[in-house]
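Here, each number is a calculation from the coordinates, and none is a lab measurement. Remember, it's a predicted structure, so these values are computed and weren't measured experimentally. So basically every Cβ, Gly included, is an ideal-geometry build from the backbone, and we count neighbours across all protein chains shown.
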Amino acid sequence: MNTTADSERLLKAGVAAYKTGEYERAITALQPLLRNRAYRLKAGMGLVRVYMSQRNWREAQKLCEKIGQSSQPSVQQWSQDTLAKIEQRMAKASAVSPADNEAHHAAKGLSGFTPLSSVPEISIPPVSTATNSAKATGVYSKSSVASQKSVPPEDKLLEPKTAAPSIFHYAHLNNELAAEAPVSADTNPDISTEGGWHYSGRLKQGRSLGRIRTGKLWVAQLAGAVGFYFLARYLLNSAIAMLNGYLNFLSGLPLLGWIRPLPLHDATGYLLAALGVIAIASPWLWDLCLCLVGDRQSLSLNALRSCSAEAATLISQRCHQRRWPLPKLWKLSTDVPLIFSYGWLPRNARLVVSEGLLTQLEADEIAALAAYEMAQWKCLYWPILSVCSLVLHLFHQSYWQMALWGNRQGKLLNLTAGVVSTLSYGVFWLLQIPVLWLARVRTYYGDLTACELTGNPNGLIRALGKVSFGLAKAVENQGYTPALVESAAILMPVAADLSRYRLPGRYPLGQLYAWDSLNPVRDWMSLLDAHPPLGDRLALIATYAQHWKLDTELSFKAKTPSRKQRHKGLRQQDWLRLLSQGTPYFSAVIGLVIGMGLWGVGAIGDKLDWPFFAWMHKDVGLFQCCILLSIGVGIILRINRFFPDLSFEQPPSTDWTDWLSEPELLPVESVPINLSGTIFGRPGIANWLGQDLLLKTSDGLLKLHFFSAVGPISNCFRLGQRPAVPIGSSVQLLGWFRRGNRPWIDVDKIRLGNGLMLSAAHPIFSLATATIFSAWGLWLLLKSG
């Protein structure tokens with residue numbers, strides 16, 4: 001709601017409507033208050049009573065169960081008592097005859113209102129109970145203080161003096177919650193609420209945080225756009241060359257001489273034209289895509305205002321100040337919490353939110369994310385990401401829809417659809433690589449601007465954390481990663497936090513994000529991710545709150561490195577650990593340097609007419625063999641360290657959640673893990689490459705890498721088992737836990753419930769890869785000269 005006065009007005013209107021029997025009006029007034037932290041218990045309890053009066057037992061039961069999820073024992077007790085009454089009345093209602101029903105309604109009168117005094121469980125608890133509850137939590141609510149003074153509690157002021165006991169007999173609990181979520185800067189950070197969030201304070205309005213350097217962003221924008229274009233050009237020309245080679249082969253066969261290759265060898269002009277059309281039409285093409293796959297609906301500013309008045313006001317004011325037209329608002333009918341925007345100018349901006357986001361986040365958190373999205377509309381990277389994400393989405397949808405169709409077909413069509421969908425996914429995965437750095441870098445600038453617009457860094461911290469946990473919960477509920485979550489990843493503000501979404505409450509949030517904020521090489525561990533480590537962002541946003549003298553939403557036990565320390569670069573021991581982690585990649589760089597050195601020596605020899613050296617300048621194979629041999633040697637050097645011995649005899653790894661918070665852990669420090677759980681993932685040919693294999697445990701989800709000796713591509717040729725791991729099976733898993741930006745397990749063995757053992761061969765695959773690179777390099781070396 002916009003103000004406390006508005007919330008009070010709606011609450012009074014709902015109570016008054018309930019007392020006069022106008023139940024629909026009461027529901028309309030009370031439902032918006034479910035999103036208001038200070039009034040949600042009052043509104044929820046009131047709605048339960050309204051639904052019970054309507055004899056809408058199902059809705060009353062569902063809402064009462066939701067209220068019972070509160071961490072406060074008194075609320076849980078109220079929920080249990082009320083649920084018992086609801087179940088009792090449901091049982092009676094099923095046994096009551098129609099005549100009895102008519103008599104019952106006649107006894108209630110035309111208003112449909114049943115006096116509350118006839119219901120024993122709604123009596124107001126004694127004043128001493130409220131006082132003791134306040135003392136136990138360390139929070140004195142308005143109602144408990146008022147009780148000690150002989151002044152009527154605030155909730156009683158909403159009722160006529162002759163009214164029956166309040167339907168909100170636990171109303172003081174709402175005030176306790178309100179005390180835990182103040183809007184000023186004097187919040188007590190030690191008071192923790194549901195989900196581990198403190199609901200720390202904010203500024204009344206935004207302030208500037210000073211000028212920031214944008215050099216890194218400009219470099220990322222240029223690199224992303226140029227890299228995306230040249231990679232797309234290379235893939236397109238390679239595809240044309242392969243197709244022409246195949247057509248030439250067919251034309252040489254009997255009776256097929258009429259086949260001719262395509263009269264096209266360089267598609268640069270066509271690619272530029274296509275990208276230009278996509279760029280101009282991207283807002284409308286995105287609209288069409290969301291209409292087809294996302295069930296998008298128009299969302300008015302007034303409808304948004306009912307969920308977050310601050311967000312609606314912010315959008316309106318920001319557009320008025322900048323002289324922008326109001327953006328189009330789309331709502332997706334899904335419980336997955338989604339928010340992103342696209343367009344190439346503010347005047348054709350689209351802001352997309354989902355039903356799940358509007359229901360799972362508080363009003364100020366929705367506003368913080370809206371500010372984050374609007375911060376991009378004046379930046380160059382926004383149209384770049386909009387265009388690139390649209391191209392990626394088209395390839396991903398080609399993969400996803402073809403896979404779903406192929407899963408319903410016979411053997412031949414299934415195989416054909418599998419090959420096409422796998423190729424489409426491969427193109428999607430490759431094309432996203434050039435823009436991943438840009439997608440990561442822009443998040444920090446968006447975070448800063450969002451804080452400046454709202455003055456609510458703590459709200460942004462909660463919003464990002466809740467969305468990451470909500471996305472992970474959606475993956476658990478669906479059993480696989482939703483297609484739109486992956487295809488629109490570079491537009492989303494945050495990724496799914498699969499391994500930590502069940503841990504808030506068991507661990508302090510600051511401890512959960514320790515690796516993200518303290519690991520010195522965390523940025524290097526995120527090179528293939530669309531988002532930086534979330535804890536790194538949250539720690540930086542927390543410094544904005546500290547700058548404004550606000551209590552921070554997260555408290556990190558260890559001090560995070562300052563900006564000056566981060567700019568100094570890595571220490572020597574950090575470089576050594578990074579070298580150990582990326583041995584094959586650093587070896588490739590060393591091979592490149594050696595190859596360029598030999599090429600330079602050959603150029604000098606050619607210039608000085610020294611034939612003994614001149615040949616190296618003209619032999620490309622020598623340059624290539626240096627790189628290939630270096631990669632092969634690098635992989636071999638890392639194998640033993642990367643794959644230590646394992647055994648099912650080792651005890652279950654019940655403490656794997658502690659490894660998430662170990663700041664110094666790297667993927668190369670392979671931790672043997674023995675876990676039991678359920679295999680999740682995409683169905684059938686949608687998972688040929690094993691791109692979406694997950695292990696669901698009681699503590700969360702973990703990404704799985706399951707490779708045969710020929711690698712993940714073996715599934716496409718039926719060289720391995722397909723599916724390599726049966727989806728939905730309860731299994732015991734043995735592998736190597738690796739801590740990166742997104743933790744994962746390299747699987748060694750999987751034991752099914754029936755005793756069948758599935759063996760992966762990741763070490764053999766790595767050794768085979770090293771052998772191929774080394775043999776290829778040696779062959780080129782022997783051909784050289």
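A few comments on the model shown:
- Its Cα centre serving as origin, the range 282-351 has a Cβ charge dipole (Lys and Arg +1, Asp and Glu -1) of approximately 360 debye.
- Cα lying deepest toward the dipole's positive end in the range 656-754, options PRO726, PRO667, TRP736, charges on Cβ: PRO726
- Remark: PHE586, PHE556 ranked as PHE586, PHE556, counting other beta-carbon atoms within 10 Å and listing the fewest first.
- Span from the the range 309-371 Cα centroid across to the the range 489-518 one, whole angstrom: 24 Å
- The charge dipole of the range 656-754, taken about its Cα centre with unit charges on the Cβ of Lys, Arg, Asp and Glu (plus for the first two, minus for the last two), comes to roughly 500 debye.
- When each of LYS42/LYS85; LYS42/LYS696; LYS204/LYS473; LYS62/LYS204; LYS331/LYS549 is checked by Cα-Cα distance, pairs over 25 Å: LYS42/LYS696; LYS204/LYS473; LYS62/LYS204; LYS331/LYS549
- Karplus (6.51, -1.76, 1.60) ³J(HN,Hα), θ = phi - 60°, over the range 11-21, in Hz, Gly and Pro reported as x: 4, 4, 5, x, 5, 5, 5, 5, 5, 8, x
- Ordered by the number of other Cβ atoms lying within 10 Å of each residue's own Cβ, fewest first, TYR270, TYR199 fall into the sequence TYR270, TYR199.
- Dipole axis of the range 215-567 (+1 Lys, Arg; -1 Asp, Glu on Cβ), positive-most option in TRP515, ALA483, MET402: TRP515
- The charge dipole of the range 215-567, taken about the Cα centre with unit charges on the Cβ atoms of Lys, Arg (+1) and Asp, Glu (-1), comes to about 460 debye, rounded to the nearest 20.
- Fewest-first ranking of TRP258, TRP284, TRP324, using other Cβ atoms within 10 Å as the exposure measure: TRP258, TRP284, TRP324
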